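Asker: Here it is: the structure, laid out below.
The values are calculated or read from the model by the stated rules, or taken from the named source; none is laboratory data. What you see is a predicted model; the values in this text were computed from it and never measured. Quick reminder, even Gly has a Cβ in these numbers, built from the backbone with ideal geometry, and neighbours come from all protein chains shown.
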Amino acid sequence: MRLATLVGVSLAIVATNASAQSDRTQRFLDDCHSGRDSGERFCETRDITLAAAPSLTVDGGPNGGITVHAWDRADTKVTALIQTRAETEHDAEAIAKQITIRSNAADVRAEGPTNRRRESWSVSFEIWTPRHTALSLSASNGGIAIDGMDARMDLETVNGGLSLADVAGDVRGTTVNGGVTANLSGAKWSGAGLDLRTSNGGVRLSLPSNYSAQLETGTVNGGMNIGFPITVQGSFGRQLNTKLGDGGPMIRVMTTNGSVTIRHR
């Protein structure tokens, strides 16, 4: 079996970013045939560069996830991680050739053939974009991860987790079947606030010990574990609203069926 890498655009990238991107791409290619499902797999990557734009909309399609990283360049780089499966390697490669990545300055999505019996395809996106780019990201069967962004963000997936680190702005995210993880930095939230919700999955929030915010969290069916002292007025059941430190914008993390864990670091 062989792995193919297709590079659509050559980029001059800061050395650290280039190394990280190369490592992630290589891991994807190395893991191409690690699944236990029947059939043969084919994997490739395609790189696209987008001109600077104030916002970016990405559709992960039926089976793809989305990861977005902030960087200090003015343009946006999109790496499409394409994986196909069929009864033979030749058929799997033929499916990949039918997949098109549609993109303009503010919109990225994948289009491909209708899946037939024992055939499937997916396209996940690894994206590097300026820190203040507004994001609208959606997926059906894939997770969404954000690192270092400070912007308005609307994040929605059905079967997949939400994972955020070092983010700020006006951030709203929902998933139906997946966990929610948020690792915050700094002394307080910068922007309008954070609102993350899941129906079926646990919630984990990590923040510095000196963090200031208005915190709201809760669960219907699950435990709640707060790893530091808090002040509560009135009864404390399965929903909590409290001020941390000097208060600030609302940090809301909620689940219906799952546990809540909040920790200092």
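Asker: Check whether at least one residue in the range 110-132 is modelled with pLDDT of 95 or more, closer than 19 Å to Asp47 by Cα and surrounded by fewer than 18 Cβ atoms within 10 Å (Cβ to Cβ), and report yes or no.
Answerer: Checked the range 110-132: at least one residue is modelled with pLDDT of 95 or more, closer than 19 Å to Asp47 by Cα and surrounded by fewer than 18 Cβ atoms within 10 Å (Cβ to Cβ).
Asker: Restricting to the range 188-210, name every residue that is in contact (Cβ under 8 Å) with a residue 40 or more places away in the chain and in a loop (DSSP other than H, G, I, E, B).
Answerer: Our first condition is that a residue be in contact (Cβ under 8 Å) with a residue 40 or more places away in the chain; within the range 188-210, this holds for 188-209.
Trp189, Ser190, Gly191, Ala192, Gly201, Gly202, Pro208, Ser209, listed by residue number.
Asker: Another question, if that's okay. Name the residues in the range 78-95 that are outside any strand (DSSP E or B) and either in contact with a Lys or Arg (Cβ under 7 Å, 6 or more places away or on another chain) or of a type in the set (S, T, N, Q) (or both), would you? Explain how you work it out, then say what you get.
Answerer: Step one: of the range 78-95, the residues outside any strand (DSSP E or B) are 87-95.
Selection gives Glu87, Thr88, Ala92.
Asker: Identify the residue in the range 239-264 that is aliphatic (A, V, I, L, M) and crowded, with 18+ Cβ neighbours inside 10 Å and, among all such residues, is nearest to Phe228 (Cα to Cα). First the steps, then the outcome.
Answerer: Step one: list which residues in the range 239-264 are aliphatic (A, V, I, L, M), which gives 240, 244, 250-251, 253-254, 260, 262.
Then drop every residue that is not crowded, with 18+ Cβ neighbours inside 10 Å, which leaves 244, 251, 253-254, 260, 262.
Values: Leu244: 10, Ile251: 16, Val253: 17, Met254: 18, Val260: 13, Ile262: 8 Å.
Across the range 239-264, the extreme among qualifying residues is Ile262.
Asker: Which condition from (1) within 18 Å of Gly247 (Cα to Cα); (2) crowded, with 19+ Cβ neighbours inside 10 Å; (3) in contact (Cβ under 8 Å) with a residue 40 or more places away in the chain is the one that Ala168 breaks?
Answerer: Just one mismatch for Ala168, condition (3).
Asker: Right, another one. Is it the case that some residue within the range 96-106 is more than 21 Å from Asp154 (Cβ to Cβ), touching a Lys or Arg at 6+ places or on another chain (Cβ under 9 Å) and touching a residue at least 40 places away in the same chain (Cβ under 8 Å)?
Answerer: There is at least one residue in the range 96-106 that is more than 21 Å from Asp154 (Cβ to Cβ), touching a Lys or Arg at 6+ places or on another chain (Cβ under 9 Å) and touching a residue at least 40 places away in the same chain (Cβ under 8 Å).
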